[in-house]
Structure formats: C-alpha cells, structure tokens
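Everything on this sheet refers to the single structure shown next.
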Amino acid sequence: MAVTIRAEFGSQILITGGSCPWNILEVLPAWGYSCSTATFITSCLQPGSYAVVVVPTVYSGLDALYDYRMRVDLVPCACTLDGNVTAPASLSDNTCGAGNDCNLRDSEEKTYAVVIPYTSDWTFSLCNSDPSWDPVIYLTQNCCSTVIASDDDGCGYPLSTINCLPLSAGVYYLSVEGFSTGSCGEFELNVYECIGSCCYGDSGNPACAYGTNSMCIGLGGSFTFAEPCSSGACYTRPTCSGDALYSQLPALPDEDWNAFQSDPSTDWRQYEDFSVVGDIHSVKFWGVVLGDASCATGARDFEILFIDSVNNVTQTYAVTLTGTVLPAVYWGAYQIVEFNTFLPTPCTISDGYVRIVEMNSDNCHFYWSVTVLGNGIRAFEDYLGGTPYQTTHELAFCLGGKCAAPDSVTIELYTGIEDAYTLRWWQPAGYVTLWWSTDPNAVFPTSYNVLVGGNLSAGTFTYSFFSPDIPAYEMIFVVTMECAPLLTSPEGGDSPVQVISSPFSPAAPVQR
C-alpha cells in the first residue's frame, strides 16, 4: 500500500492485523513532519483486513486536538519500487545494477512511486543528469504498465523530460530506463509544477496571468515557464543590432516608464552620455511623437549632435526619418516609435554626450523614452538653449559600429540553362553592389564595372545572369556593402550580362 498523510503534527504509520489489541505487522521506518505531506510504501500484504494506525512522533502525547488527512492507494506487489517521493521533489540515483524488473525496455531501470498532491501541470525532468549515457523515462498509471507519457531526448540529446503534463492528484509511477541494452548510469530526477506566465488578449496591451500551461491554452495565450508577470513577460523589449557599440534599451509598459520632450518648438532638449570603442556608423532611438494621428507615422526631421566631453568638439547630423510604431501600449494610451538611421559619415567622437532633437515646426512633439537598463549616469536637458543641467532619468538609444562585410560569396552554374550563372552571397541589411571585371590585373574599383546594386534586408541572396560571350571563369566578381541606404547606384560601365530573373532573389537552401 501507498499511505499518504498530511498532518498538523509529526506522524508515523503502523500497519496492524485484526482489531484491538493491536497485532502490529509493520512499523513504517520513516515519518512525516508536521504540516507536510509524506507518502510511505508498505511491504507486500496478502489479501485480508488491515488497519492503518496514525501515531504522533512525540511519545508524551498531544495536549490538544490536531487534524490530519490520509489516503491509501494500492501498489501491485509484482512491482519492484526503488523509492517514493511526493511532488515537488528531487532525487539522485543510478540504474547500474538495478536489474530489469519492469521490462518497459531491454535495460536496467529504477522505478519510483510519485505522489501528485493536487491537480495541476507537472514536469518530470532528467535534464541535469549525467550526459554520458542515454536515459528514457516512462510515467505510468499502474506500476510498470499503462504508460501515460514517455520521453527520449526531450532536453536535447541524450537527456529526457516530460514537460507540463496535466495530472490529477494521485499516485503515479516513474521508470528511468536506458535506451539500449547495457545502457545505465547516474541521473538526477526533478519533479515540479509547471507554472509560469500566460500572455493573452490584445497583442499591443496583453493581459498576464500566472498559472499552468493548460490554463494558458484555455485562454488562447502564450506560456513562458517560471516567468513571473512582474518581469515584463508579456512584452518584447526592442533591441539594438548586432553591431551595437553602446546600448540603453527602452523600458517596457509594466516597468517604470516615462518620456521627456526634446523639441525646439517648446525649447526642451535632451542629452545622454555614451562611451564607445570605434567610430559610430548608426543611431537607433525610441520615443513618443504626440500630436494628431499622422505624427507618429510621418517623416520627421531630427538633429543628432555628438559632443566630446573632453575638448567640446561636436559633430552634427541632420536626418529625416520615418519611424516604426511598436505595438506595446504605455499608460493605456501611448505607443513608442523606433527610429533608426545610418550616418552619412561616421562619428569619430568616442566619449561624451549625444543630443537628439526633433526639428519640425508643426504640432507634433517628440518625447525621448527612458531606459531601465542605463549606466547609472543621468541625462542632461536644457531649456531655451541654456546651460544643461542633470535630470532624474536616463534615455533609450543605441550606437552602432561598422556593419559586417558580405560573406560566403560563390558563383554557381545555373542548372539547365546554357551560359547562365548565379552569384550567391550573405549580407547584413544595407546597399549591396555587385562589380565585375575580366582583367586579372584590374584595380578595384577604378577598373571594375557595376553589375547591379540595390538596398536589401539582411539575408542570403542570389543574382542570376547570362554570359554567352565571356565565360564566367574569366570574370572577377566583387561584392561590396554600404550600411547606409544610398540614394543612387554607384557609377559603372556597361555590363556584358543579361538578367534572366529579378535582380535579387532570396537564396534557396543548398544541399551539400
């Protein structure tokens, strides 16, 4: 029998036969602590009438009335149990030398009675086990039979986990097996409730509930294990690009958020400190543009001013940007806009302040968003161009370095079409130019011709062409990148090739 008890006092279980006086058949060696749940497994009992006796662990008795709850479940005697646990629980063991009792697989195994104390979603994990062997786990309704769930390699090869399984309260059986004959080893079993955050409802202003995955499925939401709602689980924080030299990301709607005006129409200007290693090629920043409905989506003029904090040298950029309105809603009414620009010439100031001011003289006003991930140095602001003074906030922006160069450039035969070829390459986002020459002594770029150019997003692309007069093996190709989108293509001579498809195509996977 499996005897499960939860008592207000330290308790021990006796098994007796007949009626009083007690004919004590078995004293279960372990005991339960007060206000905790424990399960004890008896030895194999023959058919008949028995009594389960609950006694306190203090022999002087109890001086008041105390409550307990107990349940009894049958465990088949044919099942060889290696232990019992009450969830949530952890244990470490080894299957080597355990024998093949259950025969769920042709390997040695350990089997445990697992008491699930209440109905919920539960996870059975071997993810922290020794990866030198390949374990498989089986959860069964009856010992060694009636498999409810199983897993092999759910943690990633070779370890296993059964994740977020809905179970009613009761006794279940978990067997840890080797995948193949002779496979055995050490393992760590963890049984815990699968609860976390559930994001559901409006994607721009999602609700968050903390509960089980089953509950989240019922709400039609997205579940994240162990993540509390208070951490901003239901919002995705905007990020900088991979070439970022410096980053302070914006606060989320459920964090301590605000935005501060940087707009000459009301004479407020915001400054934020930075320190980088290398030249600055791009700037990304976030804020709210207040006004009529077109303010957030229309093109806005900005002045970006870098100030060297040592010698007061400045570099100024005037840019016109169309931002991207992000879905998250702040204070129930506002959405921040993401602005991103490549600088026409790199900024060489490595330490100082950056001032971003929206320059339009209409009824739209820019408020720069705060960050919760700043460097601890508060921003400055000024009014009417006066002396800047320190504020109580920090501001959200990224400074980017030089973008990555194109990579993985190849030329391939165009299958099935004579004299046709395909250039393939990977690139970051920006303006790509394909150059060609037939002169092995050509000097780039003066002796090269432009094949084609254009603005592309990050990814792998192809360009296909005919070359009926010049074999491709006599042509030299160069692929160049500019992070900043170019208004016009580079100048070049006439191309000997004839385009046979759209200028650029996303590359299909290549099997090798």
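Scanning region 438-464 for residues that are in contact (Cβ under 8 Å) with a residue 12 or more places away in the chain, among the polar types (S, T, N, Q) and farther than 20 Å from T422 by Cβ yields a count of 1. Got a number for residues in region 318-368 being hydroxyl-bearing (S, T, Y), out of contact with any Ser or Thr (no Cβ under 8 Å at 6 or more places or on another chain) and not in a loop (DSSP other than H, G, I, E, B)? Total satisfying the criteria: 5.
Looking at the structure I just gave you, is G182 assigned by TED's automatic domain parsing to the domain that holds D93 and buried (at least 16 other Cβ atoms within 10 Å of the Cβ)?
Values: assigned by TED's automatic domain parsing to the domain that holds D93: yes; buried (at least 16 other Cβ atoms within 10 Å of the Cβ): no.
It is false that G182 is assigned by TED's automatic domain parsing to the domain that holds D93 and buried (at least 16 other Cβ atoms within 10 Å of the Cβ).
Can you tell me which residue within region 192-230, out of those that are touching a residue at least 24 places away in the same chain (Cβ under 8 Å) and among the hydroxyl-bearing types (S, T, Y), is surrounded by the most Cβ atoms within 10 Å (Cβ to Cβ)? Looking at the filtered set, the residue picked out is S197. Quick check, is L126 outside the structural domain of A226 (by TED's automatic domain parsing), under 16 Å from E177 (Cβ atoms) and within 31 Å of the chain's Cα centre (by Cα)? It is true that L126 is outside the structural domain of A226 (by TED's automatic domain parsing), under 16 Å from E177 (Cβ atoms) and within 31 Å of the chain's Cα centre (by Cα).
On the stretch given as region 212-257, residues that are within 28 Å of K402 (Cα to Cα) and either part of a loop (DSSP other than H, G, I, E, B) or acidic (D, E) (or both) total 10.
Quick grid of which residues meet (1) of a type outside the set (V, I, T); (2) in a loop (DSSP other than H, G, I, E, B); (3) at pLDDT below 85:
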site	(1), (2), (3)
H393	yes, yes, no
A405	yes, yes, yes
T415	no, yes, yes
E418	yes, yes, yes
L423	yes, no, no
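When Y68 is tested against (1) touching a Lys or Arg at 6+ places or on another chain (Cβ under 7 Å); (2) under 25 Å from P135 (Cα atoms), just one condition goes unmet, and that condition is (2).
Being among the small types (G, A, S) and either farther than 24 Å from P88 by Cα or in contact with a strand residue (DSSP E or B) (Cβ under 6 Å, 6 or more places away or on another chain) (or both) is the filter here; which residues of region 31-62 pass it?
G32, A38, S43, G48, S49, A51, S60, G61
For T95, state whether it is surrounded by 15 or more Cβ atoms within 10 Å (Cβ to Cβ) and outside the structural domain of A169 (by TED's automatic domain parsing).
Numbers: surrounded by 15 or more Cβ atoms within 10 Å (Cβ to Cβ): yes; outside the structural domain of A169 (by TED's automatic domain parsing): no.
When the stated conditions are applied, T95 does not pass them.
Condition first: in the same structural domain as H393 (by TED's automatic domain parsing), of a type in the set (G, A, S) and crowded, with 18+ Cβ neighbours inside 10 Å. Can you find one or more residues in region 319-333 that meet it? Yes - at least one qualifying residue is present in region 319-333.
Note on region 112-129: among residues that are assigned to a loop (DSSP other than H, G, I, E, B) and of a type outside the set (A, V, I, L, M, F, W, C), the one that is nearest to Y172 (Cα to Cα) is P117.
Being hydroxyl-bearing (S, T, Y), in contact (Cβ under 8 Å) with a residue 60 or more places away in the chain and exposed (fewer than 14 other Cβ atoms within 10 Å of the Cβ) holds for only one residue in S90, S60, S49, and it is S90. Against the criterion of being over 16 Å from Y246 (Cβ atoms) and crowded, with 19+ Cβ neighbours inside 10 Å, V337 qualifies. Checking each residue in region 304-317 for being part of a strand (DSSP E or B) and hydrophobic (A, V, I, L, M, F, W, C) picks out I304, L305, F306, I307.
Among the residues making up region 131-152, those that are out of contact with any Leu (no Cβ under 7 Å at 6 or more places or on another chain) and farther than 29 Å from V3 by Cβ are S132, W133, D134, V136, D151, D152. Here P445 clears all of (1) crowded, with 16+ Cβ neighbours inside 10 Å; (2) in a strand (DSSP E or B); (3) not hydroxyl-bearing (S, T, Y) except the condition numbered (2). Taking the criterion of being of a type in the set (D, E, K, R) and within 35 Å of the chain's Cα centre (by Cα), the only residue of region 424-443 that qualifies is R424.
What single numbered condition from (1) in contact with a Gly (Cβ under 7 Å, 6 or more places away or on another chain); (2) polar (S, T, N, Q); (3) outside any strand (DSSP E or B) fails to hold for T297? For T297, the exception is condition (1).
Residue-by-condition table, conditions (1) closer than 29 Å to R355 by Cα; (2) buried (at least 17 other Cβ atoms within 10 Å of the Cβ); (3) in contact (Cβ under 8 Å) with a residue 60 or more places away in the chain:
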position: V372; (1), (2), (3): yes, no, yes
position: I377; (1), (2), (3): yes, no, yes
position: F380; (1), (2), (3): yes, yes, yes
position: Y389; (1), (2), (3): yes, no, no
position: C398; (1), (2), (3): yes, yes, yes
position: C403; (1), (2), (3): yes, yes, yes
position: T410; (1), (2), (3): no, no, no
position: Y431; (1), (2), (3): yes, yes, no
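The values are calculated or read from the model by the stated rules, or taken from the named source; none is laboratory data. Please read all numbers here as calculations on a predicted model, not as lab measurements. For neighbour counting, all protein chains shown are included, and Cβ atoms are generated from backbone atoms with ideal geometry for every residue, glycine included.
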